[in-house]
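In what follows, a structure is listed as structure tokens, so that the remarks can point back to it.
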Amino acid sequence: MRAAPTILHLDMDAFYASVEQASKPSLRGKAVIVGGLGPRGVVATASYEARRFGVHSAMPMGQARRLCPNGAYLIPRFSLYRQVSDVVMALLRELSPLVEPLSLDEAFVDLEAGGVAFDARSARETGERLRADIRAATGLSGSVGLAGSKMLAKVASEEAKPAGLLLIEPGTERELLAPMSVRTLPGVGPATGEHLRRAGITTVGELAEAGEDELVRMVGRSAGAGLYRMALGLDDRPVVAERDAKSVSVEDTFDVDLHDRVRIRGEVQRLADRCVRRLRASGHSGRTIVLKVRRYDFSTLTRSETLRGPTDDPAVVREAAARLLEGVDTTGGVRLLGVGVSGLADYTQEDLFAQSLAAEPDGSDGTDGSGRSEGSEGTGGTDGADRTDGADGAGAGAVAAGAAGTAEVEAEGVHGAAEPPGEPEPAPERRWQAGSDVLHAVYGPGWVQGSGVGRVTVRFERPGSEPGRVRTFRVDDPELEPSDPLPLVGDDPEGRP
């Protein structure tokens, strides 16, 4: 514990939903729910307007639609969220070299290490200046907590929500914590909270009064001792600037169970490519390939294979994932697939055996002989389940349901390549998911409000504009095309109309 409140915790307010509201003027002040739009999707983030209806993160999307039928339901746009996050994290690093990101929208900062705060007054001034800088750079609001420890700074930011700042003066910790629910403390989830409730302990004050010995008896030595220290407001953990990633993984949940073995194999190949792209982006290689399969009955199987050395070669990862799949029974159907790489390193060691397999033209590597080229990278699937050390946000593991349809077209195209030439098949219908960015040759940038029965409805507006007009087009309109997101603040760098 520090004698001055110089540890800052920043938590952006309803981050994904707030980014969507900032980029889509017509949604400001309205209920916005971001997540997987398929029948198995979950809520990643809900705006505060949607939370009034009881919608919250990790809720099944079907339940959210029942609670808030008139809300705007959008797919996540992680590329934009990461861009905004980079801006916010850069502002934090201007304050101190010790910044510990927890996710895209949350981080601890050691203000004392940066020489910008040494007492309560300077810490408060720094926090207020940070909130103003974030608003100016992104148009978004963040909540700031200041305290003498990481635990209390996080508690303070939660109490400050939305768009506030709370400073906990050293010496007032126990008084502040006493009336709060035990669920306020980090690590106290529903199961532990219910266990404590049955013992008559519902507040942090009652937790402190129970004493360490009683808590050890109830929940075990390690957990009990930790709970008692937290109840007293004690936390000596330092702010750590760099946290080594332990693994990189991606996964997709499908709207309908997959039964076709060829289709399943194609999905695994696609996931392996996505995983390698994230692996390379993080500057790592890895030696252990992991396959995750969740079957129709919710049973989840994981299989792994450790290579002779670390690699970031997509062919090597695809081959290992394909070998792992051969040992998994998928007869009843598959609802989720994932591919990951662990045992990370900062260098690669080429697998000559895998390279020799890659030279075989007849598909003897255990794949279907068609999914091996680098050209198979682009899939268009939602990136919501991508992971680097599991820290990309709550409930994101199931928001990639929209990827299933795109991958199906891709897999069918590969399978059809071996068929004799005949009548040309019609091009697959273009998919326009709600919330995705588009650009029209005449009307300029906009976003998809919805699509169906061969039509797509687009609202044409941009960040900072007035709510725009809505127009409907054929899904195959040649003047309408997917687009990259526009920046939330500033001019469009491409000068689009």
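The values are calculated or read from the model by the stated rules, or taken from the named source; none is laboratory data. In this text, all values refer to a predicted model and were calculated from it rather than measured experimentally. All Cβ positions, glycine included, derive from the backbone under ideal geometry; neighbour counts span all protein chains shown. With ligands, DNA and RNA removed, areas are computed over all heavy atoms of the protein, side chains included. Shrake-Rupley method; radii C 1.70, N 1.55, O 1.52, S 1.80 Å.
Apart from one condition, Glu125 fits all of (1) closer than 17 Å to Asp11 by Cα; (2) out of contact with any Gly (no Cβ under 8 Å at 6 or more places or on another chain); the exception is (1).
Of all the criteria given as (1) over 17 Å from the mean Cα position of the chain (by Cα); (2) within 18 Å of Lys161 (Cβ to Cβ), the one not satisfied by Leu104 is (1).
One residue is enough: does segment 147-170 have a residue meeting the conditions open to solvent by 30 Å² or more (accessible area, probe 1.4 Å), over 31 Å from the mean Cα position of the chain (by Cα) and modelled with pLDDT under 95? Yes; the residues of segment 147-170 include at least one that is open to solvent by 30 Å² or more (accessible area, probe 1.4 Å), over 31 Å from the mean Cα position of the chain (by Cα) and modelled with pLDDT under 95. Applying the criterion of being of a type in the set (Gly, Ala, Ser), farther than 16 Å from Gln269 by Cα and not in a strand (DSSP E or B) to the residues of segment 327-352, the residue that is farthest from the chain's Cα centre (by Cα) is Gly332.
Listed by position, the strands (runs of 3 or more DSSP E) contained in segment 447-491 that have at least 3 residues being open to solvent by 20 Å² or more (accessible area, probe 1.4 Å) are 455-460, 469-474. For first residues located in segment 23-46 and more than 23 Å from Arg335 (Cα to Cα), partners that are in a helix (DSSP H, G or I) and open to solvent by 10 Å² or more (accessible area, probe 1.4 Å) and lie 6+ apart or on another chain with Cβ distances below 7 Å form the pairs Leu27/Gln21; Arg28/Gln21; Gly29/Glu49; Lys30/Glu49; Ala31/Glu49; Val32/Gln21. Flag not set for Val84, criterion: in contact (Cβ under 8 Å) with a residue 24 or more places away in the chain, open to solvent by less than 20 Å² (accessible area, probe 1.4 Å), closer than 24 Å to Arg469 by Cβ and of a type outside the set (Ser, Thr, Tyr). Could you list, in sequence order, all residues of segment 24-37 that are within 19 Å of the chain's Cα centre (by Cα) and surrounded by fewer than 24 Cβ atoms within 10 Å (Cβ to Cβ)? Passing the criteria: only Leu37.
Annotation: Met59 fulfils all but one of (1) in contact with a Ser or Thr (Cβ under 6 Å, 6 or more places away or on another chain); (2) on the phi < 0 side of the Ramachandran plot; the unmet one is (1). Checked against (1) touching a Ser or Thr at 6+ places or on another chain (Cβ under 8 Å); (2) open to solvent by 30 Å² or more (accessible area, probe 1.4 Å), Gly200 passes all but condition (1).
Across segment 203-224, the number of residues qualifying as under 35 Å from the mean Cα position of the chain (by Cα) and either surrounded by fewer than 15 Cβ atoms within 10 Å (Cβ to Cβ) or among the aromatic types (Phe, Trp, Tyr) (or both) comes to 3.
Taking residues in segment 110-121 that are on the phi < 0 side of the Ramachandran plot and of a type in the set (Phe, Trp, Tyr), and partners anywhere that are assigned to a loop (DSSP other than H, G, I, E, B) and open to solvent by 50 Å² or more (accessible area, probe 1.4 Å), the pairs with Cβ atoms closer than 8 Å and at least 6 places apart or on different chains are Phe118/Glu112.
Results for (1) among the β-branched types (Val, Ile, Thr); (2) open to solvent by less than 20 Å² (accessible area, probe 1.4 Å); (3) closer than 30 Å to Ala281 by Cβ; (4) at pLDDT 90 or above, shown as yes or no for each residue.
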site: Val188; (1), (2), (3), (4): yes, yes, no, no
site: Ala191; (1), (2), (3), (4): no, no, no, no
site: Gly226; (1), (2), (3), (4): no, no, no, no
site: Arg229; (1), (2), (3), (4): no, no, no, yes
site: Val239; (1), (2), (3), (4): yes, yes, yes, yes
site: Asp260; (1), (2), (3), (4): no, no, no, yes
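Residue under question is Ser157, and the condition is that it be within 23 Å of Val19 (Cβ to Cβ), among the hydroxyl-bearing types (Ser, Thr, Tyr) and touching a Leu at 6+ places or on another chain (Cβ under 8 Å); does it hold? The answer is yes for Ser157. Checking each residue in segment 211-232 for being closer than 21 Å to Glu175 by Cα and either assigned to a loop (DSSP other than H, G, I, E, B) or touching a strand residue (DSSP E or B) at 6+ places or on another chain (Cβ under 6 Å) (or both) picks out Gly211, Leu232. The criterion of at least 3 residues that are touching a residue at least 60 places away in the same chain (Cβ under 8 Å) is met by the following helices (runs of 4 or more DSSP H) wholly inside segment 139-210: 150-160. Only residues that are open to solvent by less than 10 Å² (accessible area, probe 1.4 Å) and touching an Asp or Glu at 6+ places or on another chain (Cβ under 6 Å): list them for segment 8-23, please. Met12, Phe15 - these are the residues of segment 8-23 that are open to solvent by less than 10 Å² (accessible area, probe 1.4 Å) and touching an Asp or Glu at 6+ places or on another chain (Cβ under 6 Å). May I ask you to list the residues in segment 124-135 that are aliphatic (A, V, I, L, M) and either in contact (Cβ under 8 Å) with a residue 12 or more places away in the chain or within 12 Å of Val84 (Cα to Cα) (or both)? Listed by number, the residues that qualify are Leu130, Ile134. Among the residues of segment 309-326, not a single one is farther than 27 Å from Arg82 by Cβ and assigned to a loop (DSSP other than H, G, I, E, B).
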